[in-house]
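Taking it in order: structure first as structure tokens, then the write-up.
The values are calculated or read from the model by the stated rules, or taken from the named source; none is laboratory data. Remember, it's a predicted structure, so these values are computed and weren't measured experimentally. Note: ideal-geometry Cβ built from the backbone for every residue, glycine included; neighbour counts use all protein chains shown. Ligands, DNA and RNA are excluded from the accessible area calculation, which covers all protein heavy atoms including side chains. Shrake-Rupley method; radii C 1.70, N 1.55, O 1.52, S 1.80 Å.
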Amino acid sequence: MSSEPPPPGSGRPPEDDPFRKQPPPDAGGGSPYDPPYGGQPPPPGGQPPPFGGGGDPYGGGGPYGGDPLSGMPPLADSGKRTLARILDMIIVGIVVWLLSWAFGVTEYDVDTDKIDTGKSLGQSLVAAVLYIGYDTVMISRTGQTLGKRLFKLRVANLDNGSTPSVQTTLVRSLVLWIPFAFCCACIWTAIAGGWSFFDKPYKQGLHDKAAKTVVVSAG
């Protein structure tokens, strides 16, 4: 089996994603008419555990058990995530600067009394489109941007470990890059990404929380 997830339009259903966790062999099996606990005595307390084990703050779990991280690679180191993000910002930032220069849109004028709002908005729009497009296309195809590939990291769906869909990745990218491009720049990126240093138990950035994704080791 290939180590790369299927590209969009390959004809393989999402269930064939090689990164997708597989449920335990007995998950969902049996007849609904079978006796509870397989005919064995009930566990101490006499009550079955709640659906999904209650371990997922998103209310998931399902056939994979109470811990969504069960069966996934280790969560990525937040320091490596930061380095990968900086590299991606540099790569896309160079393209943004080149396009802004080519189309004559610059964010600031040397004379602060002559700031051109139209040009500032134009560069913000170029930045938003490129950053969102870069993350959405790259992550929805392989779970990795160039920075994440270099540092052996991968974005995964929290519920099943598979490569996020285009819709999921778009939500993740919009939350991260719209504030960056139009108002808060590096401050928002630091807050959204830096959240993973303190978040428990999934080490998610704010954009991960919005999209229900995690970043895991791909090494």
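The residue pairs whose first member lies in region 190-219 and is in contact (Cβ under 8 Å) with a residue 60 or more places away in the chain and β-branched (Val, Ile, Thr), whose second member is open to solvent by 40 Å² or more (accessible area, probe 1.4 Å) and in a loop (DSSP other than H, G, I, E, B), and whose beta carbons are closer than 6 Å, counting only pairs six or more residues apart or on different chains, are 216/73. Among the residues of region 176-200, the ones that are of a type in the set (A, V, I, L, M, F, W, C), surrounded by fewer than 20 Cβ atoms within 10 Å (Cβ to Cβ) and farther than 17 Å from residue 93 by Cα come to 4 in all. Scanning region 125-136 for residues that are out of contact with any Pro (no Cβ under 6 Å at 6 or more places or on another chain), open to solvent by 60 Å² or more (accessible area, probe 1.4 Å), modelled with pLDDT under 95 and of a type outside the set (Val, Ile, Thr) turns up at least one hit.
Residues considered: 143, 147. Of these, the only one that is at pLDDT 95 or above, touching a Lys or Arg at 6+ places or on another chain (Cβ under 6 Å), of a type outside the set (Lys, Arg) and open to solvent by less than 20 Å² (accessible area, probe 1.4 Å) is 143. The residues of region 154-178 include none that are on the phi > 0 side of the Ramachandran plot and assigned to a helix (DSSP H, G or I). Only one of the numbered conditions (1) at pLDDT 85 or above; (2) more than 19 Å from residue 153 (Cα to Cα) is not met by residue 90, and that is (2).
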